[in-house]
Amino acid sequence: MPDAASLRFGIKKEEIAMAGDRLYTDIEMAIRAGITSILVLSGETTQETLSESDINPDYVLNDLSEITKQI
């Protein structure tokens, strides 16, 4: 998906970020694709789940409203 977005919009992968609430899908995909990963804790993943995981997102936000404040 990041590769297709990069080609379609003519942007570098370094300029793409994936925001999501699931470590094992959204964040894992971002990490494997080499793009910035943003975990939001307003969905499936909790702070406890994150602390028990070996998946490490680049950013962790409480919800998407924080994206313009943090990044």
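Quick note: the coordinates plus some simple rules give every number you see, no bench work behind them. Being a predicted model, the structure only gives us computed values, none of them experimental. Virtual Cβ from ideal backbone geometry, glycine too; neighbours counted across all protein chains shown.
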Members of region 11-40 that are within 12 Å of PRO57 (Cβ to Cβ) and of a type in the set (Asp, Glu): ASP21, ASP26, GLU28
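Here is a yes/no grid of residues against (1) touching a residue at least 40 places away in the same chain (Cβ under 8 Å); (2) of a type in the set (A, V, I, L, M, F, W, C):
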position	(1), (2)
MET1	no, yes
GLU48	no, no
ASN62	no, no
ILE67	yes, yes
Residue within region 44-57 that is within 13 Å of the chain's Cα centre (by Cα) and among the small types (Gly, Ala, Ser) present: no
Leading residue by the ranking (farthest from LYS69 (Cα to Cα)) among those in region 1-56 that are in contact with a Lys or Arg (Cβ under 8 Å, 6 or more places away or on another chain) and of a type in the set (Ser, Thr, Tyr): SER6
